[in-house]
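Notes follow once the structure below has been shown.
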Amino acid sequence: MTENDVNKRNVLAIVTNYGVEQDELVVPVEHLRGWGAHVDVAATTMDDIETLVGDKNPGKAVRPDLTLDEVDPARYDLLLVPGGTLNADTLRLQEPATGIVRAFTRAGRPVAAICHGPWALVEAGVLRGKRLTSYASLKTDITNAGGDWTDEPVVTDTEGGWKLITSRDPGDLDAFVQAIDEAIAVHR
């Protein structure tokens, strides 16, 4: 795949309309769009997404491209699941979101989740045998879901026929974005 092929890549980010950690959504989305990838942000409703910084301070408002109910997972090459405690806790209770996660993993397409984002994967029941990282407070949930939790800046696992990319928090965004680039063959 050549550098120009990235403009043929379609990426889906799934979030709720409140509480997503600003940089965990905005940084990867802007990075991928900068390479020419098509990135859709799907939220619970078409209302603006109110991001937070540090789970408490208001961040940028982001306009969703579609709702979770409107997503056709087959159209996308990679799924991005940002964190933010409030966002991730609400997202994992949304059946369309867990259905999207399961559709990606069944199809063998990569999933990238950061911070509290892996909660959606716990809820979708797709972590058995996977090695991953997250915000430290998810360790028990991930272990109980059959995952092997580790404390590293970025972990890429291909067990089970699908690629999982995970990171701990916004401080790991450089490594996280680089692993996403590798998953969709973005060449620098």
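The values are calculated or read from the model by the stated rules, or taken from the named source; none is laboratory data. Just so it is clear, the structure is predicted and the values come from calculations on it, not from any experiment. A quick note on method: Cβ atoms are made from the backbone with ideal geometry, for glycine too, and the neighbour counts reach across all protein chains shown.
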Query raised in the report: Filtering the stretch 11-31 down to residues that are among the acidic types (Asp, Glu) and outside any strand (DSSP E or B), which residue is surrounded by the most Cβ atoms within 10 Å (Cβ to Cβ)?
Result: Glu24
Query raised in the report: Here are Ile100, Ile114: which of them is in contact with a Pro (Cβ under 7 Å, 6 or more places away or on another chain), surrounded by 23 or more Cβ atoms within 10 Å (Cβ to Cβ) and within 27 Å of Lys56 (Cβ to Cβ)?
Result: Ile114
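With respect to Gly108, is the statement that it is touching a residue at least 40 places away in the same chain (Cβ under 8 Å) and out of contact with any strand residue (DSSP E or B) (no Cβ under 9 Å at 6 or more places or on another chain) true? Please lay out each step first, then the result.
Values: touching a residue at least 40 places away in the same chain (Cβ under 8 Å): yes; out of contact with any strand residue (DSSP E or B) (no Cβ under 9 Å at 6 or more places or on another chain): yes.
Answer is yes for this residue.
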Query raised in the report: Can Gly19 be described as at positive phi and of a type outside the set (Asp, Glu)?
Result: yes
Report summary line: Of (1) within 28 Å of Gly54 (Cα to Cα); (2) surrounded by fewer than 24 Cβ atoms within 10 Å (Cβ to Cβ); (3) out of contact with any strand residue (DSSP E or B) (no Cβ under 8 Å at 6 or more places or on another chain), Trp119 satisfies every one except (2)
**Report entry** Residues of the stretch 113-144 satisfying the condition of being without any contact (Cβ under 8 Å) to a residue 12 or more places away in the chain and either of a type in the set (Lys, Arg) or touching a helix residue (DSSP H, G or I) at 6+ places or on another chain (Cβ under 6 Å) (or both)
**Finding:** Lys139
Query - Selection within the stretch 158-180 - charged (D, E, K, R) and surrounded by 18 or more Cβ atoms within 10 Å (Cβ to Cβ) - result: Lys163, Arg168, Asp169, Asp172
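This table checks each residue for (1) among the aliphatic types (A, V, I, L, M); (2) at pLDDT 95 or above; (3) in contact with a Cys (Cβ under 8 Å, 6 or more places away or on another chain).
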position	(1), (2), (3)
Pro82	no, yes, yes
Ala88	yes, yes, yes
Leu93	yes, yes, no
Ile114	yes, yes, no
Leu121	yes, yes, no
Leu127	yes, yes, no
Arg131	no, yes, no
Report summary line: Residue hits (the stretch 32-69; free of Cβ contacts under 8 Å to residues at least 24 places away in the same chain and in a strand (DSSP E or B)) are Asn57, Pro58, Ala61
